[in-house]
Structure formats: structure tokens, C-alpha cells
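Before any comments, here is the structure.
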Amino acid sequence: MSSSLEKNMLILRSSDGEEFIVPEVVAVMSKAIKNMVEDECASNTIPVPNVDANILAMVIEFCKKHDESEAEAASDLKTFDSEFVNRGQEALYDLITAANFRDVKELLDALCQNVAEMIKGKSVHHIRIQFLGYQLFEILTSNFIWNIWCDRDFD
Amino acid sequence: MDCGKMTNSKGTLVIGYNSSEHTLATELIGSNVDILIEILTRVPAKFVIRFKCVSKDWFSLISNSPFSCNHSNRHPSALFSGLFINPVTSFDDEKVKSVSLHGPHQSLPTSSFPDGVGCGSGTFRIEDSCKGLLLCLNGPTCFIVCNPTTQKYTVLPYHGGTTTSFVPFRNKFGVFLSSMFGGYLAFDPSKSPHYKVVLVSYIRNRDGCFDLIDIYSSESTSWTHMRAAAPPGYPFTKKVFWNGSIHWMSYDNVYIQFDVDAEKLIGTPMPSNPKILSEERIWYFGECCGHLLLVQGRDMGFRILEMERNYCYWIEKYQVNLRPMISLFPEIEADTCVTRPSLGKLLCYVL
């Protein structure tokens, strides 16, 4: 580890080259990074491909809060989580991909819960447009019988 | 948030504020099965079922049994939506009734759909229920497992064969299985999508006492039969399926379990304290919040016992004295209170 760094600090480099100095305890909340650190295959700078600086900053903020607030009341953390996922609405899907790819369980939990809340009252039609946009044409044309069955449920 | 950072100049993954770009991101999620599973396991069952219509891929993903196991693990405490009540007598015009617990406007699915199925000249009764499935008995020997929500049912093949001693008892009300006999449904969707039906009958003859146990597995769609020496004491009629085993007690204070998966009958003699009263004094025997509870009425009150984790002894949790309450509300009859109370009425008074 580089001597210029404080002990137990790591540098994370985002896909667009920005670097973040974070405590090791925070960084290892990502299982992917934890494995790298444990296998000692991590140099002092850990590249985080596919995650840009904006998203990485948000992920780090989330992890820091969760690390600090271990002793804090669970309800405080819950409030933070719900504010976090709401604030991150535009980047929600980016964040999920990052949380899934870097294996940050708490963040993935909070985000997926949020999406689940968003979609739970939605119609099948709405879900198709949102999640299967590019396949929609194919679904509507090639699966004719399937659609007759499904369309019973359109609301 | 800095919008500039969101834009990738190569245009491979462009996610920003405008809605068409946003849709692209949801589509990426939609094409990532791992994330989709993470999200759908968090969506309540009612909506997940509806999402089966989204596409063939979603249909097979949601119908997949590991997914449904995960889903039911995550949503364990589904509220009871209502009660099905067996008819008191067995006259033909009496049907199983249902009461919704979510107000009078929310009607329950009907339970009459399997009517006339099977050998059905006899009466249709619900023998047992477990996690949304009902085990019904139509006529003396025709078992039907049905799911009132989906209105689907399976008529089980006749279990006969080795259990020659199995004879339904007749009385003036019609054909009934003897009080020593019981049919139980063993189903835990969090562990397996398959259920088992277990018939337990207690036989006493010259050779001694033994339990005949017939097990139907929905996985193999066939019956297996076993015979085990009965633990001492005449068995209580009340039995309960919980935690992978059927539990009951005997008059010799032996606690009996039949492990459905291991197909093993275990009798454990219980310490004499706390005393297990006779069966008429049992108000409730069953599961509550992950514990096996036994509520016994006694001397103008009741007490609640909880089975210890290793099934070695009962722990006395609460003792409730109803005397002061009865003196305040004399309309509660002391007799009914001790023997066969309407627990609901009592609870109303307590509240």
C-alpha cells in the first residue's frame, strides 16, 4: 500500500477516471472489492469499471452511512435509505447495476425494494413498455396466441 | 447531480434525465435476469402473479419453483383472508361455509368447485388445511386436495392396499372415519413446491397397538404405507402439522411426533409437571408465531403452555385467572368457561 495513504484507506477509480479515497471498511461492503482485498490482488488503486464517478460517489455515500450508523437506531437508517433511493431516482437503474455488479447487498436490497414498490400496482402493459420496450414488437407479432391469453388481464 | 457525467460519449449506455433514455435503462434491467429476480421477489404475490402475463420469459421465471420458494420465504406472514367452516351435520344440503375476515364485501373463493368430484355420494368435508391448500374428504375414502385461490384440485388415488384394517366407521349421521383417524396435509412452500398427505390411524388388536400411516406424495403421485409400534397411551384426537412433523399427545403423557420427511414416529415421555389435562380441556393446540402452543382450560381460567425447542418438555408461559372477570361479567357462564368456551367471546371481554 502506498505510503502517502493513511492506513486502511483505499483508492477507488471510477470508469471515467475519477479517484475516491475511502476507508477500507467502507470499500469492503462491496463483496467484489472485499474479495479483491482478501486475495491481495488489489494494489492501492482499485478500478471500478462500468461505474462512473457520479454513481460511485452515491454508492460510497450509502456505504459510509451504513458503516457509521451500525450503532445508530435502525429507524434512522431506514429514513436515510428511503431518502437515498428517492433522491437517486434518475440514476436508480444505474445504481442497481452497480450494486449488483459490485455485490453491495444493503444497497441492492434498498434499491430493489424501491423498484418493487414502484411497479407493484402497474398494469402488465405498463411493465411491458418499461421493461421490454425493445422486445415489444417481437412479442406483439410473433406470440399471437400468447397475447390472446395475456390480454385477458389488461387493465 | 451533474448531468454531464451521466452521458457516455460513446453512446453505449446513455442514462440521463430524458424519458427515452430512462426507458433504455429499465430495459437493461429487464434483460438482466439476476436483477429482475431480485426485484420480483420483493413484489407482493398478488402483483407477481399478474406479471406472469408480461412475456414468456417472465412467465417461466415467475413459475420457476426456486423463485416461488424464495418469494414465499421473503413474504412469510401472509394474513389470513378467511375461514372455511365444515357443516355441523352431514345432511346433503349442508355445504362448507366461508367467512371473509376482510369485511363482508370481500368474498372468499368458493369451496364448492370440487362438488360431485370423485366417488362423492357422501358428504364433503374439509379434513385439514395448510398454507392455502385444503384437504377435503368426499365420501368415505375419496381425498381431494384443492387450492381455493386457483380453483384447482387433485383427486388422490385410492390409498387402499396394505392398510386392510382401515374401515370407515358408520354412525347414524352417515359415514365417518373413526375418531382415531386423521388426514393431514403437510405443505411448506418455502421448502418444496410439493405437498404430502398423511393419514394416521391407531389400531389396537391382539398383536398390540400400532399406528398405520399412509403417505401420499404429490411429487411421486403415489401412496406409501408404514406401520409403527404406537407409543404408550391412547392417542388424543387433536393433531397438528407443524415444522415438518405431525404432533399429538397420548393419555399416558407421551408426546408423539411423526416426522413426515424422515417417515419416523417418535414418542417422548413428558415430565409430570406441567400436567397435561385430558383432551376435553384443550382449547387450542397448534402453532402461533413460530411456537407450538397448548392452551388448557382449568378452574375458571386457562394456561398457555409452549413446547420447548427440542420437544422434551412443556414450558408454562401464562396462567390466566378468569374469576375476577367472571364476577364482573356474570353473563359468562362459569361452566362453559371451564369446559368449552367461546374463546373469541372471552377475548372480546379481555380487550
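Does B:K238 satisfy the criteria of being basic (K, R) and touching a helix residue (DSSP H, G or I) at 6+ places or on another chain (Cβ under 8 Å)? Spelling it out, B:K238 is indeed basic (K, R) and touching a helix residue (DSSP H, G or I) at 6+ places or on another chain (Cβ under 8 Å). With respect to the conditions (1) in the same structural domain as B:Y158 (by TED's automatic domain parsing); (2) surrounded by fewer than 18 Cβ atoms within 10 Å (Cβ to Cβ), B:K275 lacks only one, and its number is (1). For the range A:26-41, how many residues are among the hydrophobic types (A, V, I, L, M, F, W, C) and touching a residue at least 24 places away in the same chain (Cβ under 8 Å)? Qualifying residue count, the range A:26-41: 6.
Note on the range B:131-180: residues that are at pLDDT below 50 and of a type in the set (S, T, Y) total 6.
Which residue is farthest from B:S129 (Cα to Cα), if the candidates are limited to the range B:272-312 and must be among the charged types (D, E, K, R) and in contact with a helix residue (DSSP H, G or I) (Cβ under 9 Å, 6 or more places away or on another chain)? Walk me through it before giving the result.
Looking only at the range B:272-312, we keep the residues that are among the charged types (D, E, K, R), and these are B:275, B:279-281, B:287, B:298-299, B:303, B:306, B:308-309.
Still in the running and in contact with a helix residue (DSSP H, G or I) (Cβ under 9 Å, 6 or more places away or on another chain): B:281, B:298-299.
Values: B:R281: 23, B:R298: 29, B:D299: 32 Å.
That would be B:D299.
Out of all the residues in the range B:303-312, which are out of contact with any Lys or Arg (no Cβ under 9 Å at 6 or more places or on another chain) and either surrounded by 15 or more Cβ atoms within 10 Å (Cβ to Cβ) or modelled with pLDDT under 85 (or both)? Give the derivation first.
Just the residues of the range B:303-312 that are out of contact with any Lys or Arg (no Cβ under 9 Å at 6 or more places or on another chain), to begin with: B:307-312.
The answer is B:M307, B:R309, B:N310, B:Y311, B:C312.
Specify which of the listed residues (B:K97, B:K10, B:K5) is at pLDDT below 85, of a type in the set (D, E, K, R) and under 27 Å from A:D109 (Cβ atoms). Break it down stepwise before answering.
On the way: B:K97 fails: under 27 Å from A:D109 (Cβ atoms); B:K10 fails: under 27 Å from A:D109 (Cβ atoms).
That would be B:K5, the only listed residue that is at pLDDT below 85, of a type in the set (D, E, K, R) and under 27 Å from A:D109 (Cβ atoms).
Looking only at residues of the range B:37-55 that are assigned to a helix (DSSP H, G or I) and facing chain A (nearest Cβ under 8 Å), we find that the one that is nearest to A:F101 (Cα to Cα) is B:E38. I'd like to know if the range A:3-12 contains one or more residues that are surrounded by fewer than 16 Cβ atoms within 10 Å (Cβ to Cβ), touching a helix residue (DSSP H, G or I) at 6+ places or on another chain (Cβ under 7 Å) and modelled with pLDDT of 85 or more. No: zero hits. Summed over the range B:183-240, residues that are of a type in the set (S, T, N, Q) and part of a strand (DSSP E or B) total 5.
The values are calculated or read from the model by the stated rules, or taken from the named source; none is laboratory data. In this text, all values refer to a predicted model and were calculated from it rather than measured experimentally. Note that each Cβ is placed from the backbone with ideal geometry, even for glycine, and that neighbours are counted across all protein chains shown.
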